[in-house]
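Please read the structure below before turning to the comments.
Nothing in this text is a laboratory measurement; each read-out follows from the coordinates by a stated rule. Treat the numbers as computed from the prediction; the structure is a model and nothing was measured. Positions of Cβ are generated from backbone atoms using ideal geometry, with glycine treated the same way; all protein chains shown enter the neighbour counts.
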Amino acid sequence: MEKMARVTTALSGTTITGRTMFYHLDAPANAISVCRDAAQVVVAGRNIFKIYSIEEEQFVEKANLRVGRKLSLNFSCADVVWHQMDDNLLATAATNGAVVTWNLGKQSRNKQDQLFTEHKRTVNKVCFHPNEVHMLLSGSQDGYMKCFDLRKRESVSTFSGQSESVRDVQFSVRDYFTFAASFENGNVQLWDMRRPDRYDRMFTAHNGPVFCCDWHPDDKGWLATGGRDKMVKVWDVSTTKTKEIYCVQTIASVARVKWRPEMKYHLATCSMMVDHNIYVWDIRRPYIPFGMFEEHKDVTTGIVWRHIHDPYYLLSGSKDSTLYQHMFNDASRPVDRANPEGLCYGLFGDLAFAGKDSMFGSDSNRKTYGGERRYPIFFFKKPDLSEQFANVSSALNVFETELGSNSMDWFVNMAQQYILTGRSLADLCDHNAKIAKELYRYQVAQTWTMLRIVYSNPGAISSVNLNQSIGKSGGLPLMNSLKELSVALGNETRLERGKAENRQEINHLDSSNPLITANEENEETEGSDVPADYLFGDVEGDEDDLYMVDHENAPAEEHEYILPQEAFQLRHEIIDNPSAPDHLQDKVESPHVSGNEAETVCLTPIESFSLMSISQPLYDAYLPADYFNSLVKDMLHYYAEQGDVQMAVSVLIVLGDRIRKEIDEQTQEHWYTSYIDLLQRFKLWNVSNEVIKLSTCSSINCFNQASTTLHINCSNCKRPMSSKGWICDRCRQCASMCAVCHQVVKGLFVWCQGCSHGGHLEHIMNWLKTSSHCPAGCGHLCEYT
Amino acid sequence: MRLADARTKKTGRSARERLLCSNCVKEMGVRIPRPLRQGPSEFIPEKEILQLGREDAETRVLFIEAFATLGRLDNITLLMGFHPRYLDSFLKTQHYLMQVDGPLPYDYRHYIAIMAAARHQCSYLVNLHVNDFLQVGGDPKWLAGLDSAPRKLQTLSEVNKILAHRPWLITKDHIEKLLKAEAHGWSLAELVHVVVLLTHYHSLASFTYGCGINPEIHCDGGHTFRLPSVGSCYVCDFTNGNNAVDDLLNGQEGNEQGTETVCEVEALMKKMKQLQECRDEEEASQEEMATRFEREKAESLYVAPTEDEESVDTREVSRHFEDPSYGYKEFPRQGEQNVPTFRAQDYTWEDHGYSLVNRLYPDVGQLLDEKFQIVYNLTYNTIAMHKDVDTSMLRRAIWNYIHCMFGIRYDDYDYGEINQLLDRNFKAYIKTVVCSPVMTTKRMYDSFWRQFKHSEKIHVNLLLMEARMQAELLYALTAITRYLT
């Protein structure tokens, strides 16, 4: 508790000195008030009513007003106020509805002076007139405000708010006759004391109860209000029209608001629930508090500035039974901890970045892009002496990506053309591979092909080794992906290898290639203990042959293929090392891959071939399909990290249960949300919806269930349809009728934006095939596109 | 079937009419269920309840809406149809709690509703929500009993028990236990949802018993497949001898009723007028006010309901909760225990409860706030046959009496008023409905306010229900607030 620094601030002009300090009360406080000379403070609560003097180092208990043999509820205070003219005069509002005044000048122990029991319900607030010694105002739960003249035994006038309970009453500081009252229903009323029959002015200030209001000490027309809706609003009531001039959004309902003395734009607030801090706001900077006091452990119930002309001392009482004096210098300044930087991506890859100017100054070696625009500092306000915010000059930079370098066409095309469900896995992979290839994304295409091979039903091929003929028939579906192989290539391969062609019919050209390789392998692995090793030899041979084919096909590309060794090594890894795909793809610089990227015609078949030859041993060794799961998982992570979350998500969906368990929920969710976000930025609503639907994360699935409400207006009376069903409440007619069949439309509804007639999608389509006029007969020439 | 039933209701035909033509269907071998009892309420003759098809426009819209959202028009809704303004708010709140996105999954919500209703052995609500629970895809295994439900739900049992019967005993330790349970911990938002659901269904159980709601036709105990003639006999048997005795008693009382009850209303009116006028003269000392609160509290001890019967189907329903012996106990008298009186002004719904709920479960605070306000301010300015009466005093007395039973004290209320305005029968009824609703009998319902209309008695029930809900909520939310600070 002794964490506060012992600060004795030098003050300008006033004699008040002190430090941040606190005092343990015996009971929770409900309200506090200070006397005029700022030397004493009174604390009132349900079980406490004491006066403390504020010394330099500590609070000292001066008097206990809660005396007497039997403590009645009159001592249970909801509010207390110390008269600003007369140091001996106090008033309290009791929870039982009594208004009590206290005279400290009395000789007896019991200082109770007068008792008014006119209110029927709890009195929430009492307030002395700032200039008039004998005038006291009270506001109660029963909806009445009463003005008491302390020289009389009963109230002199009663003001009826004509509504629910009064939460706060405050005399205007400047205007002798005016007072403001705030109500539980959100209204604020201004009254002229001379006219008790009717309020002068009323306006709705908040949504829900207005807990407090405070007149600006200097500016005649400013009234601050705080409400349960977590807002503090400043109203200008000086003109006939009430204007909201400032609004501060806090994080909890506002229980008290007090203008800071001598600071035109500052006010202090505390909350009623949940939040225990006291904030001081600069109302011109409504987003971040100017100062913050975090000492209390329970809600703060009363705040008051110690002296009406001193802005540096704040007293507060709290439910945690402490009384604090806060030094403004000790306040924490949230703005110091704030991070005044912002970053945002535009739709087309532009990046905007705003930050402190100083950050940019020292940064000399920053690469400037061709399209970079740098905007000058914004909001360069004239330094305002009254505003104590540090001036932060900031700069905004916009980075544009070079035109075309980062085109996302492929993304859109792929998103639209990918098929994610509804067919067999092999078909899906094939299709997607094809799409990717058409868009010149070979790596992706290759991945799809690999996936197909890895995950296609292994049962069909498992017996390859045992029986060649079975192997052949089983191999066929497996190799479907190679349909794209050029026939010529197939033929040439056949010529080169010349092993199995005798068995092949010409009309089986498509399948001939796989069969060849399959046969080769089968033959070569027969009787072998380590099939994989043999296979390498085989693959190597294969490749050599194929390269020759390629040379013949496209001699110009020769330089791409001078590194068969490397290519071979890579493939070696594919077979032996479970993390091979990762390597393969990581080595973006390797000629193998780059060649792949750059070359279309020749390399693809090679890749396919190599894959094909790999595929056989998988089954030969009887590897379970999920053997590759960790590989695929790494692959997905790789894609996601490369920024191709599309691939990650598509594979995730296509593979479904096969891979889902390998990747933790959160990562999946993250991918899904990123992908969906991207899709929506490109306005691919249908695709994004499909993805949401297909996702297996519950948190993603529920996107579809959020905000499913569609608000419609009645087509007859043009007013919102509030009730469910198809009948408008107001005009009692069916709302959305089809102009063609005159039935209610309950499904897809299409309407003309010109004449606002419409109906069932099908009906309108049919109608407009034959006629160009609106079916409703309004004469409008509707157009259906 | 449920839809069919509701639809016939919508078209204005009563279920009874439908039965008349059932013979022809029966020949086709279809067994037609028949309602065991007539109308939505056991206490109120069917003909005095709002006839469907004859309701005013406002109510009709509400009914249509209720049907559209729930797929049924249950008896509770039908009875509340007496007070459309309230019904609107009630349905909105219930819809928000059960069917709109919120912290809890749907099956949990219904299961919690079942737990809460089961605490009061309210088989009506339990059956209703068992159906709903299955409909939203709940695991039927959970219904075998609380032991079969997930551990997380089991942890609620304690809080459910306390809130239902002795809410003043709830402490921040209970809250902490729920929030800190490692794997089965609740989040704060979920917890607030839970608390609102529990209190909602506890008090709804009070309403169900208080108005003697009959089982829905599609629920267990709501229908029979016997032939009509046999069926009616069965009803007689089933409702056991008690009713016959009740009727006898009623009959005897009925002789004196004529003169006595008219006086009852007049006396009540006179007292209210007196209290309003004499308020200023009669200056009760503070101590006396305090003792009056204590007296009222103490007196509520003596109007304890007569414990004549145990509920019929305890076993069936009791598997959804533990410790069936735990029931309402009187709020301890001053000094007996360390439970301090709850000072209403220190933690009010409007200031504190609302803010907390709305922070953790957005919009619910607003909905509940509206509901409390509507029910508290609902009046038609009538009492029995009198018109233009300011009933605010009476309403406040009922509200505060209920809060008084839960140990919540308003500093600014003179508890002497309660004694003046609420007679013994009425107090007994309130006490039974609020504290041990299962013991409510038709005799109790009939014996208070005999000259009053049924709609007024339902109004009273609404007050009981909401006051109870607020009391429970206040205690629960205080505990949560304490935990947070």
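For peptide B:405-418, the mean count of partner chain Cβ atoms within 10 Å of a residue's Cβ comes to 3. Counting Cβ atoms of other protein chains within 10 Å of each Cβ in B:345-356 and taking the mean gives 6.
With a simple spin-label model that places each label point 7 Å from the Cα along the Cα-to-Cβ direction, the separation between residue A:88 and residue A:630 comes to 9.1 nm. Taking 27 Å as the limit for the C-alpha separation, the pairs A:125/B:270; A:106/A:152; A:230/A:683; A:434/A:769; A:152/A:243; B:371/B:427 exceed it in the case of A:125/B:270; A:230/A:683; A:434/A:769; A:152/A:243. Note on A:188-197: average number of Cβ atoms from other chains within 10 Å of each residue's Cβ is 0. For the range A:82-163, the set of GluC sites (Glu not before Pro) satisfying both a DSSP loop assignment and a count of at most 12 other C-beta atoms within 10 Å is given as A:154. Projected label points at residue A:766 and residue B:376, each 7 Å from Cα along the beta carbon direction, are separated by 6.0 nanometres. Expressed per residue, the C-alpha convex hull volume of the range A:650-712 stands at 83 Å³. The range A:750-779 and the range A:155-224 have their alpha-carbon centroids 58 Å apart. The residues packed around residue A:200, meaning those with a beta-carbon under 14 Å from its beta-carbon, carry a net charge of +2 if Lys and Arg are +1 and Asp and Glu are -1. Taking a ≥ b ≥ c as the square roots of the eigenvalues of the Cα gyration tensor, an a/c ratio of 1.5 or more together with a/b larger than b/c marks the range B:38-220 as prolate.
If packing is taken as the average number of other Cβ atoms within 10 Å across a peptide's residues, how do A:751-759, A:669-677, B:475-483 rank, most packed first?
So the order, starting with the most tightly packed, is B:475-483, A:669-677, A:751-759.
Count Lys and Arg as plus one, Asp and Glu as minus one, and take only other residues whose Cβ is under 15 Å from that of residue B:370; the net charge is then -4.
Placing pseudo-labels 7 Å out from each Cα toward the beta carbon at residue A:194 and residue B:136 gives an inter-label distance of 6.3 nm. Averaged over residues, the count of other Cβ atoms within 10 Å places the peptides A:273-282, A:410-419, A:21-30 in the sequence A:273-282, A:21-30, A:410-419, highest first.
Calculate, for residue A:262 and residue B:484, the FRET efficiency according to 1/(1 + (r/R0)^6) with r their C-beta to C-beta distance and R0 51 Å; round to the nearest 0.05.
Values: r = 36 Å, r/R0 = 0.70.
So, using R0 = 51 Å, E works out to roughly 0.90.
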